[in-house]
Amino acid sequence: MRLDRLIEILNNSESINGWKLEETNQKSYELYYIRRDLEMNRAKNIHNIRLTVYKDFDIDGVEYKGSSVTKLHPTMTEEEIIQAINNAAYASQFAKVLYYPLVKPSEEKLEVIESNFKEKPIEEYLSAIVEAIFKVDVYEKGSINSTEIFITKLKTRLVNSCGIDYSSEKYLGTVEFITNWKEEKEEIELFQHIDFGDMDSEKLTQEVKEMLEMSRARAISKSTPALGKHRVILSGESVKQMMEYYYNQSATGYVYEKFSTAKIGESIQGDEIKGDKLSITLKPCLSGSIHSAVFDNDGVILKEVNIIKDGIIKSLWGNQRYSYYLDLKPTGVIRNMEVMCGKKSIKELKKDPYLEVVSFSSFQLDDFTGYFGGEIRLGWYYDGNEIIPVSGGSISGNIKDKHGEMYLSSEKISINEYLGPKHMVINDVTVAGN
């Protein structure tokens with residue numbers, strides 16, 4: 001069924017008060033390698049239509065909005081679609097929340113998501129991705145065991161009953177691979193997942209090379225010593241996860257639901273800040289991010305917003321519903337963030353003894369309590385005399401106790417939706433080991 005006929009049916013439906021359609025067309029290619037041998041390749045063209053219907057209620061003088069989501073298939077008949085709408089309308093009364101209005105069209109200009117994948121058909125990038133990965137698979141004792149490559153062109157159209165009709169196009173690349181390394185002890189195996197929205201062969205090659213070098217270091221590592229309270233340096237992905245704590249604490253949803261006590265104009269790093277003060281800006285489009293977007297799934301047009309400046313909350317971010325509840329202008333859901341780097345280089349931050357953790361088996365941070373920790377997959381321990389690779393053991397702490405004195409490196413790193421300091425130094429973190 002054509003989308004305009006579907007919209008006509010929805011507009012004439014008496015069982016609902018509003019609706020939203022998200023139509024996506026996804027063209028993708030997939031390659032699966034065992035070592036350097038291509039075992040399978042696959043191409044997909046997927047057309048999805050996701051319908052959300054809304055129904056407003058008034059119960060004892062309190063206004064509510066119910067909603068329900070259903071998938072419509074291109075082969076459905078008109079009768080089947082009407083039945084699906086009525087079923088969703090009935091289900092919506094069991095999923096009601098306090099009333100909020102749907103998003104209306106904006107006069108602001110819709111930007112375009114830039115990507116160098118636009119320069120030619122996406123299938124023509126596959127050979128360059130394969131070459132970028134395997135050009136550093138040159139070691140005698142270690143290698144890439146298996147690799148999966150995915151590249152997708154995604155077109156999205158969002159239409160709602162208030163008159164919104166927005167479209168966007170973006171690209172999503174993903175590489176997953178496993179490396180092996182064998183020294184004198186048992187063979188070790190590491191897994192890596194990389195997302196990218198731009199074609200950057202040099203960066204991809206560098207990330208694969210670093211993973212192979214980490215595999216070698218892991219294979220010759222010693223057990224992490226029990227250091228008690230110690231100076232810890234986090235790197236890369238774990239720094240990004242630490243920053244996501246502040247991202248979540250600044251969300252209208254967290255504030256409304258009382259998961260966060262964040263208030264505009266107050267410090268998010270406690271009363272006394274001895275270390276670096278945080279500055280975080282949300283950016284709808286960020287080079288290399290698969291989460292770049294020009295509108296969110298409510299239809300809010302996304303603009304850059306500074307949420308934290310020098311440790312002070314400048315703005316809360318959030319979707320249409322929670323922003324309405326807090327009487328704030330909705331920023332929409334923006335997934336990309338840029339964090340301002342610190343003033344000291346990693347060389348300066350490494351002058352005193354430290355444990356640098358470059359890879360965790362599973363690093364976790366609880367947004368509600370602030371506790372963080374993880375098992376050390378690979379780290380570098382400097383006792384003041386020498387630097388040795390270590391593994392095993394764990395670190396733990398609470399970000400609420402530490403964020404008054406944490407230091408960010410001047411070196412920057414880009415990890416999908418994160419652009420910011422590559423390293424973070426935290427004092428007096430508990431290090432458990434042997």
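The values are calculated or read from the model by the stated rules, or taken from the named source; none is laboratory data. Predicted, not measured: the structure shown is a model, and the values here were computed from it. Here the Cβ is made from the backbone with ideal geometry for all residues, glycine too, and neighbour counts use every protein chain on show. Just so you know, the surface numbers come from the protein's heavy atoms only, side chains and all, with ligands and any DNA or RNA stripped out. Shrake-Rupley method; radii C 1.70, N 1.55, O 1.52, S 1.80 Å.
Condition first: more than 23 Å from THR331 (Cα to Cα), among the small types (Gly, Ala, Ser), under 26 Å from the mean Cα position of the chain (by Cα) and modelled with pLDDT of 95 or more. Can you find one or more residues in region 151-168 that meet it?
no
Restricted to region 325-365, and to residues that are of a type in the set (Val, Ile, Thr) and in a loop (DSSP other than H, G, I, E, B), which residue is least open to solvent (accessible area, probe 1.4 Å)? Don't jump to the end; show me each part of the working.
Pass one, region 325-365, residues of a type in the set (Val, Ile, Thr): 331, 333-334, 339, 346, 357-358.
Adding the requirement that they be in a loop (DSSP other than H, G, I, E, B) leaves 331, 333-334.
Details: THR331: 22, VAL333: 53, ILE334: 2 Å².
Only one residue fits best here, namely ILE334.
Yes/no matrix, rows are residues, columns are (1) part of a helix (DSSP H, G or I); (2) at pLDDT 95 or above; (3) β-branched (Val, Ile, Thr); (4) in contact with a Leu (Cβ under 7 Å, 6 or more places away or on another chain):
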site: GLN206; (1), (2), (3), (4): yes, yes, no, no
site: LEU212; (1), (2), (3), (4): yes, yes, no, no
site: ALA226; (1), (2), (3), (4): no, yes, no, no
site: HIS230; (1), (2), (3), (4): no, yes, no, yes
site: LEU234; (1), (2), (3), (4): no, yes, no, no
site: LYS240; (1), (2), (3), (4): yes, yes, no, no
site: TYR247; (1), (2), (3), (4): yes, yes, no, no
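So, GLU148, is that one closer than 24 Å to ASN25 by Cα, open to solvent by 60 Å² or more (accessible area, probe 1.4 Å) and in a helix (DSSP H, G or I) or not?
It is false that GLU148 is closer than 24 Å to ASN25 by Cα, open to solvent by 60 Å² or more (accessible area, probe 1.4 Å) and in a helix (DSSP H, G or I).
Quick test of your reading of the structure: GLU111 fulfils all but one of (1) modelled with pLDDT of 95 or more; (2) open to solvent by 30 Å² or more (accessible area, probe 1.4 Å). Name the failing condition by number.
(1)
Could you say which residue among ASP37, ASP4, ASP58 is within 23 Å of PHE295 (Cα to Cα) and acidic (Asp, Glu)?
Numbers: ASP37 fails: within 23 Å of PHE295 (Cα to Cα); ASP58 fails: within 23 Å of PHE295 (Cα to Cα).
After applying the criteria, what remains is ASP4.
Please note which strands (runs of 3 or more DSSP E) are completely contained in region 1-100 and include at least 1 residues that are under 30 Å from THR147 (Cβ atoms) and among the hydroxyl-bearing types (Ser, Thr, Tyr).
Filter on region 1-100 gives 18-34.
Of all residues in region 374-409, which are closer than 24 Å to ASN248 by Cα and surrounded by fewer than 19 Cβ atoms within 10 Å (Cβ to Cβ)?
Once the filter is applied, which keeps residues that are closer than 24 Å to ASN248 by Cα and surrounded by fewer than 19 Cβ atoms within 10 Å (Cβ to Cβ), region 374-409 yields GLU375, SER396, ASN398, LYS400, ASP401, GLY404, GLU405.
Determine whether region 346-357 contains at least one residue that is at pLDDT 95 or above and either of a type in the set (S, T, N, Q) or over 14 Å from ILE233 (Cβ atoms) (or both).
No - not one qualifying residue is present in region 346-357.
Any idea which of ASP276, ASP298 is in contact with a helix residue (DSSP H, G or I) (Cβ under 7 Å, 6 or more places away or on another chain), in a loop (DSSP other than H, G, I, E, B) and modelled with pLDDT of 95 or more? Please lay out each step first, then the result.
Numbers: ASP276 fails: in contact with a helix residue (DSSP H, G or I) (Cβ under 7 Å, 6 or more places away or on another chain).
None of the other options fit; the residue is ASP298.
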